[in-house]
Each structure stands twice: as C-alpha cells, then as structure tokens.
Amino acid sequence: MVEPSVTDVAAVEMLGVTKSFGRATAVDAVSLSVRRGEFFSLLGPSGCGKTTSLRMLGGFIVPDEGTVRLGGKDVTRVPPYKRDVNTVFQSYALFAHLSVAQNVAFGLKRRKVPRAEIARRVDEMLALVDMGDRSRAMPAELSGGQRQRVALARSLVTMPQVLLLDEPLGALDLKLRRQMQVELKRIQREVGITFIYVTHDQEEALSMSDRIAVMNCGRLEQVDTPDALYARPSSAFVAGFIGSSNLLRVRRTGPGAETAAGVLLPLPSDAPALPDGSAFDLLLRPEHLLLDPTGDVAARMEGTITDTVFLGSVTQYRVRCANGLELMVSEPNTSSHHAHVRSPGTRVTVGWHADDAVALPTGLPDPAPAENAATSQ
Ligand SMILES: Nc1ncnc2c1ncn2[C@@H]1O[C@H](COP(=O)(O)OP(=O)(O)O)[C@@H](O)[C@H]1O
Ligand SMILES: [Mg+2]
C-alpha cells in the first residue's frame, strides 16, 4: 500500500459521524474533510449541530457512529488531552489569579518547556495578538476583547495541529466583533494552524473562511468557498441563509418557468434539464435585479415601489409587480452626486438577465403522477 504523503493528509476528517441525544439526532451522518492550514467554518442556525460536531472533533463527545481522523489518524475514541487540538470557547476561562503572561505560559510550563523558551514564545504570541504591552496585567483589568486575545494566545502558544473555536466572538459588541474578525483571520494566516470555526453569523463566516460547511438540522447542506456558496447555492436553505434573496417557487413549462400565478419567467442557460411540470425554486439576488433597465434584459415586469430603505452604499426597495410578484431589489449608490432614491409609490420596471437567476432543487420530491402511484402499490 502506498502511504499518502504528509501534505496530502487532511488535517481533520469526519466520516459518517452521527450523534443522538435521546431520540433527537444532533449530528446526522456528517462527512467532511478539512485541509491543513485551512480556515474552515461550520455555519448554521442555532441547534443545527455545530457545537456537537466541534465537541466530537475535540474529543469531549464520542460519536454513536462514524470516524473522526486528525492528521490521518483515527482518534474517534481518543480523549481530549491526548489530541493535538485546542478549543476556544465563547467564555474565555482565563485563570483570574494569573497575569496575562502567566496565563499564556500555562500550557508550556505543563509541558516542561525550558524557561527561556517559554519567555520567548509567550512574548511572541502576545505580540501576535497585539497584547505585548499588557503582559503583567491581570484578567480583571482587561476588556472582553482583550481577554479573548489572551485566550487565543494561550490556545495557540502550544502550536496545536488544529484550533477549534466555538462562537468565540459571540459575547462582543458588533463593532469589536468586526474588528476581531479581521484580526483572527490575520493571526490564523500568520501561524498557519488549521482553524475550525463555529458561528451562526453568515457575514462572519463569509468574511473569514477559506471554506464553509452549511449545516441544517444535523446535516451538511453544502461545503464550498464563500463566493461559490453565494453564487451557486445547492439548495433553497443555503440560498436563504447566505445573503438575502428572492426565492420563487416555479414549474418547468416549455422553454421557461411558470409561477403559481401563471407568470412565465426565463430560465438561466445552465438550468438542469427537468421534465415539463416539475417544481423547483428560482433564486434572484436583490442586487441582480435592475430598476428601469436601459439595455437588453430577458425578463421585464412593471411594478410599484412599496418600501424604500436607504442604507448609504445601497438602497433597498420592495417592489410589488403588476403580475402579483413581490421582489426585493438592492441598488448601489455609485455616485454621491446622482444618488437617486425612489420613494414608495414610484412606478418602475424591474428587469434581470436570464443567467443571473439560479435554478435550485426544491428539496421536496415532486408528487408522483397518478399512474406511477398506482403501479407502485
Ligand atoms: N447534552 C445534550 N443533551 C441533550 N440534547 C443536546 C445536548 N447537546 C445538544 N443537544 C441538542 O442537539 C441539537 C444540536 O445542538 P448543538 O450542537 O448545540 O447546536 P448548535 O451549536 O448548532 O446550536 C440541539 O437540538 C440540542 O438541543
Ligand atoms: Mg453551539
């Protein structure tokens, strides 16, 4: 047997991992593979199984079924302290009676690293998290964001293969959170350690991750890069969870798609070949809809603005179309001199290019035609 080279081995793998609590399945047959040095996020709504997945990677929960591998080695039943993995939680449990430097030195002392080396590595790590000037401070003297930097330094100083982070910015206010997101990404790039980051905040996941696994009810919906998740979601759930969207339930009708109200819409050229009558969802991102388009567009419908929200860089409109469709439209304000905000009541034409729409499977099987149902009995 040919051994895979070290660089080919995935940093983290889950193979058919399942975990139930009583009758509820928290994590359902999840398989994924994370590359070395990757910033990988688990994203999904509360209760979808993110923390349970992370705790199985850390060794705090043993899966009912499936295998967990770290660096190619089966660790499914290996206890946390024997895994080369550290975890950062939302509440950064620093030792209150130890200074910042002593907190960071803790893991190295326990490993009997020589004193001079401890001092050097603690200094390096505190500089990396921008806390070099607070090494003598006690945790009680620090802000939430600073405590978190110390917690991060403490988890990174032993250079684990993988760092697991469970909503580590959840307790910070929005502005500090945005700032820490940029910092975390920079730190991860500098240390080159594989990060597995749990969040329910899509913007957070999009802004930091190399790849994102979107979870829903214990299952993986899609694993992809942020831009691919946004541009080519594989399900209506992912489309709805990542960014804002107009999702229209339609049926294949000849060359196009027909809404429940009988409006015929053009299909993107890459739409899957579905038999006539089959149901699917058509995704239209608000920023791909054009108001009063001047050029050639495949779809064009008349409507009236019912709601206007000016957000500075963009203006968001709700448009009720004469054919019954209601669409969210987002228009960039590209010039400060010509910011043209339309008031509610304004009549507009909404248009889009056929290929800006994305056809999505509904996730629900189509009701079988009557004759098929009869033969299957
Ligand atoms: N120790 C536990 N005992 C019973 N149910 C649990 C336990 N931990 C998690 N769950 C349940 O498993 C599901 C997934 O939880 P969790 O992994 O914490 O989700 P998330 O982190 O995505 O919010 C939820 O329905 C939750 O109530
Ligand atoms: Mg959680």
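The values are calculated or read from the model by the stated rules, or taken from the named source; none is laboratory data. On a predicted model such as this, the values are computed, not experimentally measured, just so you know. Cβ sites come from the backbone with ideal geometry, for glycine too, and all protein chains shown count toward neighbours. Accessible surface areas use protein heavy atoms only, side chains included; no ligands, DNA or RNA. Shrake-Rupley method; radii C 1.70, N 1.55, O 1.52, S 1.80 Å.
Please report the relative contact order for the stretch 244-360, taking Cα pairs under 8 Å with a sequence separation of at least 6, and give it as a percent rounded to a whole number. Working shown, then result.
Details: 259 pairs, mean separation 37.7, N = 117.
About 32 percent, as a whole number.
Which length gain, in nm to one decimal place, applies between V9 and E258 when the Cα-Cα distance is subtracted from 0.36 nm times their residue separation?
Values: separation 249, 0.36 × 249 = 89.64 nm, distance 4.76 nm.
Extra length from V9 to E258 when fully extended: 84.9 nm.
What order do T259, T294, T306 take when sorted by accessible area (1.4 Å probe), most exposed first? Display every interim value, and only then the final one.
Working: T259 15, T294 145, T306 60 Å².
The ranking, largest first, comes out as T294, T306, T259.
Running a GNM on the chain with Cα contacts under 10 Å, which residue among S99, S155, S209 ends up with the highest mean-square fluctuation?
Maximum fluctuation in the GNM of the chain, among the listed residues, is at S99.
Specify which residue in the list V314, H97, V129 is farthest towards the positive end of the charge dipole of the chain, using unit charges on the beta carbon of Lys, Arg (+1) and Asp, Glu (-1), about the Cα centre.
H97
Rounding to the nearest 10 and keeping the result within 0 to 90°, find how far the Cα-based axis of helix 144-156 lies from the longest principal axis of the chain.
Tilt relative to the chain: about 70 degrees.
Between K82 and S20, how many nm apart are label points set 7 Å from Cα along the C-beta direction?
Placing both labels 7 Å along Cα→Cβ, they lie 2.8 nm apart.
So, with +1 on the Cβ of K and R and -1 on the Cβ of D and E, and no other charges, what is the size of the charge dipole of the chain about its Cα centre, to the nearest 20 debye? Write out the running numbers ahead of the final one.
On the way: 41 positive and 42 negative charges, 393 e Å.
Result for the chain is approximately 1880 debye, rounded to the nearest 20.
Once you list every other residue whose beta carbon is under 11 Å from the beta carbon of E65, what net charge do they have if Lys and Arg are +1 and Asp and Glu are -1? It would help to have the intermediate numbers written out before the result.
Details: positive: K19; negative: D28, D64.
Its environment carries a net charge of -1.
If you restrict to DSSP beta bridges whose two residues both lie in the chain, what percentage is antiparallel, to the nearest 5? Write out the running numbers ahead of the final one.
Numbers: 57 of 75 bridges.
Antiparallel bridges make up about 75 percent of those DSSP assigns within the chain.
Under a Cβ-only charge scheme (Lys and Arg +1, Asp and Glu -1), can you give me the dipole magnitude of the stretch 244-360 about the Cα centre, in debye to the nearest 20?
On the way: 9 positive and 13 negative charges, 60 e Å.
About 280 debye.
Distance in nm between label sites at D133 and L174, each 7 Å beyond Cα in the beta-carbon direction?
Placing both labels 7 Å beyond Cα along the Cβ direction yields 2.9 nm.
Relative to the longest principal axis of the C-alpha atoms of the chain, give the angle of the C-alpha long axis of helix 100-110, reported between 0 and 90° and rounded to the nearest 10°.
Taking the Cα atoms of the chain, the angle to 100-110 is about 70 degrees.
Whenever you get a sec, compute what percent of the accessible area on the chain sits on carbon and sulfur atoms (1.4 Å probe). Present the calculation step by step, with values, prior to reporting the outcome.
Details: 10080 of 19090 Å².
Carbon and sulfur atoms account for 53 percent of the accessible area of the chain.
Which value, in Å², gives the accessible area per residue of the chain when a 1.4 Å probe is used on the protein heavy atoms? Before the final figure, lay out each step's value.
Working: 19090 Å² over 377 residues.
I get 51 Å² per residue for the chain.
I'd like the accessible area for S335, computed on protein heavy atoms only with a 1.4 Å probe and all protein chains in place. Round to 10 Å², please.
40
For the chain, with a Gaussian network of springs between Cα atoms less than 10 Å apart, report the residue from A273, A105, A357 with the top mean-square fluctuation.
Top of the fluctuation ranking is A273.
Rounded if a/c is under 1.5, else prolate if a/b is larger than b/c, else oblate: which is the chain, with a ≥ b ≥ c the root eigenvalues of its Cα gyration tensor? Intermediate results must be reported in sequence, preceding the final value.
Details: a/c = 2.88, a/b = 1.61, b/c = 1.79.
In terms of gyration-tensor shape, oblate.
Taking the Cα-to-Cβ direction at S31 and at V62 and moving 7 Å from each Cα, how far apart do the two end points lie in nm?
Simple spin-label model gives 2.4 nm for this pair.
From the square roots a ≥ b ≥ c of the eigenvalues of the alpha-carbon gyration tensor of the stretch 303-358, which class results: rounded (a/c under 1.5), prolate (a/b over b/c), or oblate?
Values: a/c = 2.15, a/b = 1.31, b/c = 1.65.
It is oblate, given that a/c is not under 1.5 and a/b is not larger than b/c.
Using only Cα atoms, tell me the angle between helix 115-128 and the longest principal axis of the chain; keep it within 0 to 90° and round to the nearest 10.
Relative to the chain, helix 115-128 is tipped by roughly 20 degrees.
Given the options V297, V238, V198, which has the most mean-square fluctuation in a GNM of the chain, springs set between C-alpha atoms less than 10 angstrom apart?
Comparing V297, V238, V198 in the GNM, the peak value goes to V297.
Too long at a 30 Å Cα-Cα cut-off: which of K19/K73; K73/K112; K50/K73; K73/K175?
Details: K19/K73 20 Å; K73/K112 26 Å; K50/K73 22 Å; K73/K175 40 Å.
In this structure, K73/K175 exceed 30 Å between Cα atoms.
Could you name the aspartates and glutamates whose alpha carbon sits less than 19 Å from that of K82, not counting residues in the same chain fewer than 8 places away?
Straight-distance partners of K82: E13, D74.
What length, rounded to one decimal in nm, is gained on full extension from Q161 through to V309, with 0.36 nm per residue of separation minus their alpha-carbon distance? Before the final figure, lay out the partial values.
Values: separation 148, 0.36 × 148 = 53.28 nm, distance 4.62 nm.
That pair, Q161 and V309, stretches by 48.7 nm at full extension.
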